[in-house]
Amino acid sequence: GIQVEQSPPDLILQEGANSTLRCNFSDSVNNLQWFHQNPWGQLINLFYIPSGTKQNGRLSATTVATERYSLLYISSSQTTDSGVYFCAVEGPRAAGNKLTFGGGTRVLVKP
Amino acid sequence: DAGVTQSPTHLIKTRGQHVTLRCSPISGHKSVSWYQQVLGQGPQFIFQYYEKEERGRGNFPDRFSARQFPNYSSELNVNALLLGDSALYLCASSLGRRSYGYTFGSGTRLTVV
């Protein structure tokens, strides 16, 4: 099946810093989503971005489908940005209707 | 509009018991998927249901089963619980069989003792 790798696995930031999270995937995808999982376990959808660039406030994401990677940018980080960020992809139709998640990037923003 | 709702939020069961978890999708969404997330890992796909039919199954034993009802809500059943079944169980809702994005519920945290 499709493989999804996220880097770095852990990230410690000072409040106000900028950061980039990376997601590499091993096959073509029909869907790619970035999620933020809060301490209570809720997976919050940040972006639906199978290709192109999107921005939402301090967050933005870019997916280069032909090169099989996606980037999530966090600017002017805040303590509320702490948590685990997951990249998840839905592969070609033959692979079935499911999201495959990466291992996540654990982000801690210090005040 | 209500999001994806799951019940119960927390559950403690004994090894060998049976458990039923419930999920209601976003209104208008016809597809429900179930995922298992053990501590420290990303969620793993268990099932997808669309229009009341199973459309995908992950690498889980036959102790795991699910169904979808005419109102598109869904149940996940796990028989003969093992300690290793302790996890956060997440339900995801999407508009169609092939998604336009998945929205997740808050999950049910199952502890097997």
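The values are calculated or read from the model by the stated rules, or taken from the named source; none is laboratory data. Since the model is a prediction, treat every value here as computed from it, not as a measurement. Every residue, glycine among them, receives a Cβ derived from its backbone with ideal geometry; neighbour counts consider all protein chains shown. We work out accessible area using only protein heavy atoms, side chains counted, and drop any ligands, DNA or RNA first. Shrake-Rupley method; radii C 1.70, N 1.55, O 1.52, S 1.80 Å.
Restricting attention to region B:39-51, and to residues there that are open to solvent by less than 40 Å² (accessible area, probe 1.4 Å) and within 15 Å of A:GLN42 (Cα to Cα), which single residue is nearest to the other protein chains (Cβ to nearest Cβ)?
From region B:39-51, those open to solvent by less than 40 Å² (accessible area, probe 1.4 Å) are B:42-43, B:45-49; that's our starting set.
Subsequent filtering for residues that are within 15 Å of A:GLN42 (Cα to Cα) retains B:42-43.
Details: B:GLY42: 3, B:PRO43: 5 Å.
Once the filter is applied, the top-ranked residue is B:GLY42.
Can you list the strands (runs of 3 or more DSSP E) lying wholly within region A:1-63 that have 1 or more residues being within 21 Å of B:THR103 (Cβ to Cβ) and either out of contact with any Pro (no Cβ under 7 Å at 6 or more places or on another chain) or open to solvent by less than 80 Å² (accessible area, probe 1.4 Å) (or both)?
A:4-7, A:19-25, A:31-37, A:43-48, A:52-56
Which of the residues that make up region B:1-31 are without any contact (Cβ under 8 Å) to a residue 40 or more places away in the chain and either crowded, with 18+ Cβ neighbours inside 10 Å or of a type in the set (Gly, Ala, Ser) (or both)?
Of the residues in region B:1-31, the ones without any contact (Cβ under 8 Å) to a residue 40 or more places away in the chain are B:1-2, B:27.
Once the filter is applied, which keeps residues that are without any contact (Cβ under 8 Å) to a residue 40 or more places away in the chain and either crowded, with 18+ Cβ neighbours inside 10 Å or of a type in the set (Gly, Ala, Ser) (or both), region B:1-31 yields B:ALA2, B:SER27.
Given the residues A:VAL4, A:VAL84, A:VAL109, A:VAL64, which is the only one that is closer than 25 Å to B:GLN44 by Cα and more than 11 Å from every other protein chain (Cβ to nearest Cβ)?
Working: A:VAL4 fails: more than 11 Å from every other protein chain (Cβ to nearest Cβ); A:VAL84 fails: more than 11 Å from every other protein chain (Cβ to nearest Cβ); A:VAL109 fails: closer than 25 Å to B:GLN44 by Cα.
After ruling out the rest, the residue left standing is A:VAL64.
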*Out of B:PRO70, B:PRO61, which single residue is open to solvent by 50 Å² or more (accessible area, probe 1.4 Å) and either facing chain A (nearest Cβ under 7 Å) or over 15 Å from the mean Cα position of the chain (by Cα) (or both)?*
B:PRO70
